[in-house]
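Q: Below: one structure in structure tokens.
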Amino acid sequence: MPYVVTQSCCADASCVVACPVNCIHPAPGEPGFAEAEMVHIDQDACVGCGACVTACPVGAIKADTRLSTGEQPFVALNAEYYEVFPHADRAPVAVVPPQRRLTRPGPFQVAVIGAGPAGLYTADELLKHPEVAGVDVYERLRTPYGLVRFGVAPDHTTTKQVSRLFATIERQPRFRYRLGVHVGRDVTLAELRQRYDAVVYAVGASADRRLDIPGEDLPGSVAATELVGWYNGHPDRAALEVPLDHERAVVIGNGNVALDVARILTADPETLVGTDLAAGPLGRLRTSAVREVVVLGRRGPAQSAFTVPELIGLSALADAGAIDVVIEADPDEPAGTDTRSRLLAGLARRTPSGDGQRRRIVLRFGHSPIELLGEHRVEGVRVVRNRLERAADGSVRAVPTDETSVIDAGLVVRSIGHRGLPVPDLPFDEATGTVPNDAGRVEPGVYVVGWIKRGPVGFIGTNKTCAEETVSSLLDDLDAGLPAPPAPAAAEELDGHRGRDRRRATVGAGS
């Protein structure tokens, strides 16, 4: 009874370490670990002991006999990995190096700004070192977990189970939350540096990239981060105007967030009961007139950014008759040979029900928006058909043609990527939307991690290796005596100075 990985990897590596026969790859130290969408279990080598199932913090590993019909493609996906990367030598799992010890005894106090995955992975890395006496995690909101709580689709309950891993970090005795504190407004960087040996910013990339086309600011045009925050109950998005009175919505973008939005807008609302979907948005979705969501991609299926697990989930919904999925692409465009392209080709071969009862998602490739139409609100999108040109380096770019058309719609969601915003008291690169840094170091004593450090790329688990790099730079500076030690004042004085409610608490997965 072999086991199968059924979702993107959190990069915790617990399953790799737990496996007694080294059949899970890529492992730490191997090419692709933490950058790959997921790890894979070698079906021929797996002895079926189940150690990986117990170790996985997000419940992503299942016995092949317990897979649903929609999860069956993961068996082939695991097998395909080993056809390309056989790991025939069965090299030992990368040996864990001796734990680093600082040459200076400390104790050191560190502040982490932001309680999302990057911030919590950073706290975890810091607390591995006994010289670090305490890590205080500051968060503007009253609840932690960032995009895991407010950015992951509410029906992706397994992905949200990474909060179990975060709960183990929170239980460490030297960990402390300072929730409801807006760094830059309630407290300045200068004040934090007076009380901490180091300050690490893990503030993410909270803005969406703009389309920069006419009509983008019309009512009914919203950013994906706003819409996702709205249906996930983000307090800043509760009053967002989301018109659902038209039968069609358009989502611009070809990544997982675009697919999440399309899936939520076309889902049977009753299937979302019991998920993390906020009560107000659930009520709105129950009365929604949306029957079709068009997902626009400027290039072809082979260049889309959907991950394999997302497409497998979409295929499962189509197979179950929950929705119709329609693929609109240039038939003359060469199809890709990778797993993602094969899954899209499989969806394209399906015949829609044609009964008019099912809602549907249309993945329309090779088109770009050039204008949002409407006088007082969004009424449609003018799009241009693109032709694809391959450059000498193999990259594919979309070149507009003279052929345009209009898609009637009452809601347009842009999902073309996140962008970081300037951080008070830190330098900022407008071109990249990041804080300039060297391996996470802005200057001795001030560091960045996550999307504000590297840009909005990678998966949740990518933040683990990113945190390791930043913490390594931080420890190098502490060993070198940089910066000078802070003033001998307890961090608690900051609370009294601000006169605001702070709490030291373990916030479990259900908080």
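Q: Mind checking which helices (runs of 4 or more DSSP H) fall wholly inside the range 278-366 and carry at least 2 residues that are at pLDDT 95 or above? Walk me through how you get there before you give the answer.
A: On the way: elements: 279-286, 308-319, 339-348.
Ranges flagged: 279-286.
Q: Looking only at the range 178-196, decide whether some residue is of a type in the set (D, E, K, R), assigned to a loop (DSSP other than H, G, I, E, B) and assigned by TED's automatic domain parsing to the domain that holds Thr432. Steps first, answer last, please.
A: Taking the range 178-196 first, the residues of a type in the set (D, E, K, R) are 178, 185-186, 191, 193, 195.
Adding the requirement that they be assigned to a loop (DSSP other than H, G, I, E, B) leaves 185-186.
With assigned by TED's automatic domain parsing to the domain that holds Thr432 added as a condition, the list becomes 185-186.
Yes - at least one qualifying residue is present in the range 178-196.
Q: Consider Gly215 carefully, then state whether it is in contact with an Asp or Glu (Cβ under 7 Å, 6 or more places away or on another chain), part of a loop (DSSP other than H, G, I, E, B) and not charged (D, E, K, R). Walk me through it before giving the result.
A: Numbers: in contact with an Asp or Glu (Cβ under 7 Å, 6 or more places away or on another chain): yes; part of a loop (DSSP other than H, G, I, E, B): yes; not charged (D, E, K, R): yes.
Considered against the rule, which asks whether it is in contact with an Asp or Glu (Cβ under 7 Å, 6 or more places away or on another chain), part of a loop (DSSP other than H, G, I, E, B) and not charged (D, E, K, R), Gly215 comes out as yes.
Q: Please find, among Ser415, Ser473, the residue that is free of Cβ contacts under 8 Å to residues at least 60 places away in the same chain and hydroxyl-bearing (Ser, Thr, Tyr).
A: Details: Ser415 fails: free of Cβ contacts under 8 Å to residues at least 60 places away in the same chain.
Sole residue among the options that is free of Cβ contacts under 8 Å to residues at least 60 places away in the same chain and hydroxyl-bearing (Ser, Thr, Tyr): Ser473.
Q: Right, something else. Which number in (1) under 20 Å from Ala329 (Cα atoms); (2) within 24 Å of the chain's Cα centre (by Cα) marks the one condition that Ser405 misses?
A: Ser405 satisfies every listed condition except (2).
Q: Can you name every residue in the range 238-277 that is modelled with pLDDT under 95 and among the basic types (Lys, Arg)?
A: none
Q: Out of (1) in contact (Cβ under 8 Å) with a residue 24 or more places away in the chain; (2) under 26 Å from Val148 (Cα atoms); (3) in contact with a strand residue (DSSP E or B) (Cβ under 9 Å, 6 or more places away or on another chain); (4) surrounded by fewer than 20 Cβ atoms within 10 Å (Cβ to Cβ), what's the single condition that is false for Asp425?
A: Of (1) in contact (Cβ under 8 Å) with a residue 24 or more places away in the chain; (2) under 26 Å from Val148 (Cα atoms); (3) in contact with a strand residue (DSSP E or B) (Cβ under 9 Å, 6 or more places away or on another chain); (4) surrounded by fewer than 20 Cβ atoms within 10 Å (Cβ to Cβ), only one is false for Asp425: (2).
Q: Restricting attention to the range 233-267, report how many residues are crowded, with 22+ Cβ neighbours inside 10 Å, outside any helix (DSSP H, G or I) and within 16 Å of the chain's Cα centre (by Cα).
A: 2
Q: Additional query: Val132 passes all but one of (1) over 17 Å from His234 (Cα atoms); (2) out of contact with any helix residue (DSSP H, G or I) (no Cβ under 9 Å at 6 or more places or on another chain); which number fails?
A: (2)
Q: Go through the range 1-57 and count every residue that is surrounded by fewer than 20 Cβ atoms within 10 Å (Cβ to Cβ) and part of a helix (DSSP H, G or I).
A: Here the count works out to 7.
Q: Still on this structure, I have one more. Among the numbered criteria (1) under 24 Å from the mean Cα position of the chain (by Cα); (2) crowded, with 18+ Cβ neighbours inside 10 Å, which one does Ile323 miss?
A: Unmet condition: (1).
Q: List pairs: first residue in the range 372-386 and closer than 16 Å to Asp245 by Cβ, second residue part of a loop (DSSP other than H, G, I, E, B) anywhere in the structure, Cβ distance under 6 angstrom, at least six positions apart or on different chains.
A: Final answer for the pair search is Gly374/Leu218; Arg377/Leu218; Arg377/Pro219; Arg377/Gly220; Val378/Leu218; Val378/Gly220; Gly380/Ala409.
Q: Looking at (1) surrounded by 18 or more Cβ atoms within 10 Å (Cβ to Cβ); (2) within 20 Å of Lys160 (Cβ to Cβ), which is the one condition that is false for Gly70?
A: It is condition (1) that Gly70 fails.
Quick grid of which residues meet (1) more than 25 Å from the chain's Cα centre (by Cα); (2) at pLDDT 95 or above; (3) β-branched (Val, Ile, Thr):
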position: Val152; (1), (2), (3): no, no, yes
position: Thr158; (1), (2), (3): no, no, yes
position: Gln161; (1), (2), (3): no, no, no
position: Ala167; (1), (2), (3): no, no, no
position: Val187; (1), (2), (3): yes, yes, yes
position: Arg210; (1), (2), (3): no, no, no
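Q: One residue is enough: does the range 260-276 have a residue meeting the conditions touching a Pro at 6+ places or on another chain (Cβ under 6 Å) and touching a residue at least 40 places away in the same chain (Cβ under 8 Å)? If you could, list the steps in order and put the result at the bottom.
A: Let us first name the residues in the range 260-276 that are touching a Pro at 6+ places or on another chain (Cβ under 6 Å), namely 275-276.
Right, trim to touching a residue at least 40 places away in the same chain (Cβ under 8 Å) and you get 275-276.
Yes, the range 260-276 contains a residue that is touching a Pro at 6+ places or on another chain (Cβ under 6 Å) and touching a residue at least 40 places away in the same chain (Cβ under 8 Å).
The values are calculated or read from the model by the stated rules, or taken from the named source; none is laboratory data. Bear in mind the structure is a predicted one, so any value in this text is a computation, not a measurement. Methodologically, a virtual Cβ is constructed for each residue, glycine included, from the backbone with ideal geometry; neighbour enumeration extends over all protein chains shown.
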